[in-house]
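Written below as C-alpha cells is the structure these notes are about.
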Amino acid sequence: MSEVVLVTGGAGFIGSHLVDRLVNDGFKVRVLDNLSSGRLENLRRHIGSLQVEILNVDLKDSWKTLEAVRGANAVFHFAANPEVRVSATNPDIHFNENIVATFNLLEALRRSDVKEIVFASSSSVYGEPKSIPVSEEAPIKPVSVYGASKAACESLMHAYSCLYGIKAVILRYANVVGPRLKHGAVYDFIIKLLRDPSTLEVLGDGTQTRSYIHVMDAIDATMTAWRRSENTFEVYNVGSEDWVSVNEVADVIIEVMGLSGVKRVYRPTLHGVGWLGDVKRIALSISKIKALGWQPKMRSREALAEAVRELLSEIRAT
C-alpha cells in the first residue's frame, strides 16, 4: 500500500509542483490548503484522482488540522502567506498564517504520532548578512516579520524534534521561480511590461542582489533532502550557485519578451531597497545539500529566462 504524504499549501506555487512530483513517485497525496493564496487550478490534473485527496482546511483550525494529519506517514509543510511586503503593513498576517498555523500543525503531528516533517523556510531568516553567500551556520537575524515568522517556525520544529522525536528537515529556499508563480518581482515585472512595454517601475535602486532557482531544481532538492537526511533535525540552504541584481533580472525579462528601449523608473526607500523589510544582498551557500548528491541544473539567469517563458505561456493561455 502506498505511503500517505500530507502537503500543506499544496495548491500553492511550490506546493503544487511538489504534489506533482510525489504523485509521479507513487505516493498517495493528501493536500491541505485554505486557498487564500493557493489555487485549485494548480491541481487541476489531480482533481478526481484516487491518488490525491484535496481538503479545503485552514491550519488555524486546530481540530480540522488534527483530523487531516491522522494517517499520514510524513508531512511537507509549505502553507504560508508568501508576500514578504505584507510584513510591514499587516504583521499579524504572518504571525497567524505562519506561526500559529505551524504550531497547530506540530501539535497535530505530536497527537497523531506522525514522525516526519519537511518545512519550506526561506533565506529571509538571515536578514542582511555581512557577506554572501551565507551558510547554514550564519546568524539568524531577520529584518522582516515574514523572515521572523519563518525563523520562529524553525525554532518550534527544533523543540518538537528534541521533545517528541519528530524528524524535521528545514529547507531555506532562495527566490524560487517557474510556472504557476503569482507573486514577487519576476511576476510583477512581467505584468507591468505587458501593460506598458515602454516603462518598468523598479522597487528599489535596482542593485539589490538575489539568487534565483527554478522550481524544478527546488523540488529535486526537497526530495533529496527528505530521502537522504539522516539526523533528527537538519537545515539545508536551497539555491543556485550564483546571484544577480534586480537590474539583471529586468534585463533577462526584457530580453525574453523581445522588448527594447524600456525606460526604468526606480522607487528606492532607505538604503536603496524596495520596501521596509527588503534586504540589499542575499545569496546562499549550497555546499551542504550538494554533499547529499543534489546539484542545481540551472544558474540564476537560466532559471529566470526559463521561468519567464513559462509564465508568459501561462498568461497568454488565459
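The values are calculated or read from the model by the stated rules, or taken from the named source; none is laboratory data. The model shown is predicted, which means the values in this text are computed figures rather than measured ones. Glycine gets a Cβ as well: all are built from the backbone with ideal geometry, and neighbour counts include every protein chain shown.
Mind checking which residues of the range 68-89 are farther than 21 Å from GLY12 by Cα and at pLDDT 90 or above?
If the condition is that a residue be farther than 21 Å from GLY12 by Cα and at pLDDT 90 or above, then ARG70, GLY71, ASN73 are the ones that fit.
Could you look through the range 149-183, keep only residues that are of a type outside the set (S, T, N, Q) and free of Cβ contacts under 8 Å to residues at least 24 places away in the same chain, and pick out the one that is farthest from SER313 (Cα to Cα)?
The initial filter retains those residues of the range 149-183 that are of a type outside the set (S, T, N, Q), namely 150-154, 156-160, 162-174, 176-183.
Now narrow it down to the ones that are free of Cβ contacts under 8 Å to residues at least 24 places away in the same chain: 159, 163.
Values: ALA159: 44, LEU163: 48 Å.
That would be LEU163.
For the range 285-301, which residues satisfy the criterion of being over 17 Å from ASN175 (Cα atoms) and surrounded by 15 or more Cβ atoms within 10 Å (Cβ to Cβ)?
If we filter the range 285-301 for residues that are over 17 Å from ASN175 (Cα atoms), which is where we start, we get 287-288, 290-294.
LYS288, LYS290, LEU292, TRP294 - these are the residues of the range 285-301 that are over 17 Å from ASN175 (Cα atoms) and surrounded by 15 or more Cβ atoms within 10 Å (Cβ to Cβ).
Give the range 128-174 a look and list any residue that's hydrophobic (A, V, I, L, M, F, W, C) and in a loop (DSSP other than H, G, I, E, B), or say none.
Initial filter on the range 128-174 (hydrophobic (A, V, I, L, M, F, W, C)): 132, 134, 138, 140, 143, 145, 148, 151-153, 156-157, 159, 162-163, 166, 168-171, 174.
Scanning the range 128-174 gives ILE132, ALA138, ILE140, VAL143, ILE166, ALA174.
Somewhere in the range 9-18, is a residue part of a strand (DSSP E or B) and under 20 Å from the mean Cα position of the chain (by Cα)?
No - not one qualifying residue is present in the range 9-18.
Which condition number in (1) of a type in the set (A, V, I, L, M, F, W, C); (2) touching a Leu at 6+ places or on another chain (Cβ under 6 Å); (3) surrounded by fewer than 17 Cβ atoms within 10 Å (Cβ to Cβ) is the one that VAL238 fails?
VAL238 satisfies every listed condition except (3).
Considering only the range 296-310, state which residues are touching a strand residue (DSSP E or B) at 6+ places or on another chain (Cβ under 8 Å) and farther than 11 Å from VAL252 by Cα.
PRO296, LYS297, MET298
Got a sec? Which of ALA185, ALA174, ALA152 is at pLDDT below 95 and within 24 Å of HIS94 (Cβ to Cβ)?
Going through ALA185, ALA174, ALA152 in turn, just one is at pLDDT below 95 and within 24 Å of HIS94 (Cβ to Cβ): ALA185.
Just to be sure I understand the filter: pairs with C-beta atoms under 8 Å, separated by 6 or more residues or on different chains, first member in the range 88-103 and under 13 Å from ASP58 (Cα atoms) and assigned by TED's automatic domain parsing to the domain that holds ASN34, second member basic (Lys, Arg) and surrounded by fewer than 20 Cβ atoms within 10 Å (Cβ to Cβ). Which pairs pass?
ASN96/LYS60; GLU97/LYS60; VAL100/LYS60; ALA101/LYS60
From the residues in the range 192-203 that are in contact (Cβ under 8 Å) with a residue 40 or more places away in the chain and surrounded by fewer than 17 Cβ atoms within 10 Å (Cβ to Cβ), which one is farthest from SER121 (Cα to Cα)?
Per the stated criteria, the residue is SER198.
State whether one or more residues within the range 300-318 are assigned to a loop (DSSP other than H, G, I, E, B) and either among the charged types (D, E, K, R) or in contact (Cβ under 8 Å) with a residue 40 or more places away in the chain (or both). Don't jump to the end; show me each part of the working.
Step one: filter the range 300-318 for residues assigned to a loop (DSSP other than H, G, I, E, B), giving 318.
Filter again for either among the charged types (D, E, K, R) or in contact (Cβ under 8 Å) with a residue 40 or more places away in the chain (or both), leaving none.
No, there is no match, as no residue in the range 300-318 is assigned to a loop (DSSP other than H, G, I, E, B) and either among the charged types (D, E, K, R) or in contact (Cβ under 8 Å) with a residue 40 or more places away in the chain (or both).
Quick one: GLU248 ticks every box in (1) in contact with a strand residue (DSSP E or B) (Cβ under 8 Å, 6 or more places away or on another chain); (2) outside any loop (DSSP other than H, G, I, E, B) except a single one, so which number is it?
(1)
Tell me, which strands (runs of 3 or more DSSP E) lie completely within the range 19-96 with 2 or more residues that are over 24 Å from LEU171 (Cα atoms), over 18 Å from the mean Cα position of the chain (by Cα) and not aromatic (Phe, Trp, Tyr)? Outline the logic, then answer.
Numbers: elements: 28-33, 52-56, 74-77.
Hits in the range 19-96: 52-56.
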